[in-house]
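Engineer: Supplied in structure tokens, the structure appears directly below.
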Amino acid sequence: MLNEKALKTYLKKKFRGVTQIKIRKLGSGVHGAGFLIEIKKKKGAESYVVKTLVPEDFGHDYPSDRAGIFLLDLDEYKNLPKHVRAVDVLAELKNGSIKSIGGGKEYYLLMEKAEGRHYFNDLNEFAGKKKLDTSDIEKIKAMASYLAEIHSTKKESKTLYWRKLRDTVGHGECLMGVFDTYPDGSLSYNEMSGIIKKSVDWIYKLKPKYKRLSHIHGDFHPGNIWFRTENSKFKIQNSKLRTINSELDFILLDRSRGPWGEPADDVTALAINYIFFSIKKHNDIVGPYLEGLKLFFNEYVRLSGDDEIYEMLAPFFAFRGAVVANPVFYPEVTPKQRKMIFRFVHSVLDSERFNIENVRNLI
């Protein structure tokens, strides 16, 4: 719904000498609607059109999606001969007012500062241990508990669930986009396409599961999980968790790709790293890494009650496997280790259900 009052206030500031503004709807299409703006000024009359996008389907689901489309329009309409020109991109604020966000050359995000120690440090230290210590166990339980809690918030939206599945394979930051960053020769196009094709088959297998749509982080990997150190000052805000030791509070960074999706997205983002680090350190899945992987899954399933998760993991493991096998991200990984990672990816894609007890045989 167009906020006509706020739009008129904006137009009076944008254009000098306005004496009258009329707004009427021109029509609607599958992507959105158009509104005719007729402005009378002391020096004559001008007409403009305001375009809106439907907040559902076609990748328009979040306000940032719609903003991105309009910002691209503003930049590029003028660069094509015979195309109408865009004047501005408008944002309606929570207080009901409208302001311009157009014309930027670049955009920046201002955030709070986080302190602590990211979980990659712990994974590196596993290599020198024979088994998990008490702190390791408590941290894994804390992360599993956190995910079980946030995933318990559900939403009814087939569109958003299907979007998460689609984005996992096709988004520029996900499987196909990550493969596009691989240096030529590091993985054949034929093997890339094989993984992508299997992942697409999985997406259509999972589409009927849309009632699993849950609140997610979206990029729950070790670099985005910072545990509190003795001198750090943050705590989890407004958490309902009861199982986390007060000394093991953590804070999260870089929530990505929308707030709703399949819980397997978060679960695999962390789980792949127990597999990856073990392969990198031992050319096998053993020791604290195997112990941690099993503990994480067991705790998550116990707390969430989601035993079905084992049937949902395959395309998400494929995406995360492509990430950790990427020579650009992890140049220290040997060709042999890269092959082991992709054997794991093919194994999970070829199985109906992930069997954690058999994980060593998947590489």
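Engineer: On a 0 to 90° scale, report how tilted helix 189-206 is relative to the longest principal axis of the chain, with both axes built from alpha carbons and the result rounded to the nearest 10.
Structural biologist: 80
Engineer: Please report, in Å, the Rg and the Dmax of segment 1-58, where both are computed over Cα atoms only.
Structural biologist: For segment 1-58, the Cα-based Rg and Dmax read 12.9, 43 Å.
Engineer: Explain nothing, just compute: Karplus ³J(HN,Hα) = 6.51 cos²θ - 1.76 cosθ + 1.60, θ = phi - 60°, for every residue of segment 297-303 in order, whole Hz, x for Gly and Pro.
Structural biologist: Whole-Hz 3J(HN,Hα) from phi for segment 297-303: 5, 4, 5, 4, 5, 4, 7.
Engineer: Where a ≥ b ≥ c are the square roots of the eigenvalues of the C-alpha gyration tensor, would you call segment 77-191 rounded, which needs a/c under 1.5, or, failing that, prolate if a/b is larger than b/c, or oblate?
Structural biologist: Judged from the Cα gyration tensor, segment 77-191 comes out prolate (a/c at least 1.5, a/b above b/c).
Engineer: Another one. I need the P(r) histogram for segment 4-100: all alpha carbon pairs, bin width 10 Å from 0 out to the longest distance, whole percents.
Structural biologist: 14, 42, 37, 7, 0
Engineer: Would you list D306, D133 from fewest to most Cβ contacts within 10 Å?
Structural biologist: Going from least to most buried by this count: D133, D306.
Engineer: At a 10 Å Cβ-Cβ cut-off, how would you order K281, K141, K14, fewest neighbours first?
Structural biologist: Taking fewest neighbouring Cβ atoms as first place, the list is K14, K281, K141.
Engineer: If you don't mind, another one. Enter the angle in degrees (range 0 to 90, nearest 10) between the Cα long axis of helix 158-170 and the first principal axis of the Cα atoms of the chain, meaning the one along which they spread out most.
Structural biologist: Taking the Cα atoms of the chain, the angle to 158-170 is about 70 degrees.
Engineer: Let me ask something else about it. If you build the Cα gyration tensor of the chain and take the root of 5 times each eigenvalue, what three semi-axes come out, in whole angstrom, biggest first?
Structural biologist: Equivalent-ellipsoid dimensions as semi-axes: 46, 24, 19 Å.
Engineer: Right, here's the next one. So how do I195, I101 line up by other beta-carbon neighbours within 10 Å, fewest first?
Structural biologist: I101, I195
FYI, it's all coordinate maths here, none of it is from the lab. Nothing here was measured: the structure is a model prediction, and the numbers come from that model. Positions of Cβ are generated from backbone atoms using ideal geometry, with glycine treated the same way; all protein chains shown enter the neighbour counts.
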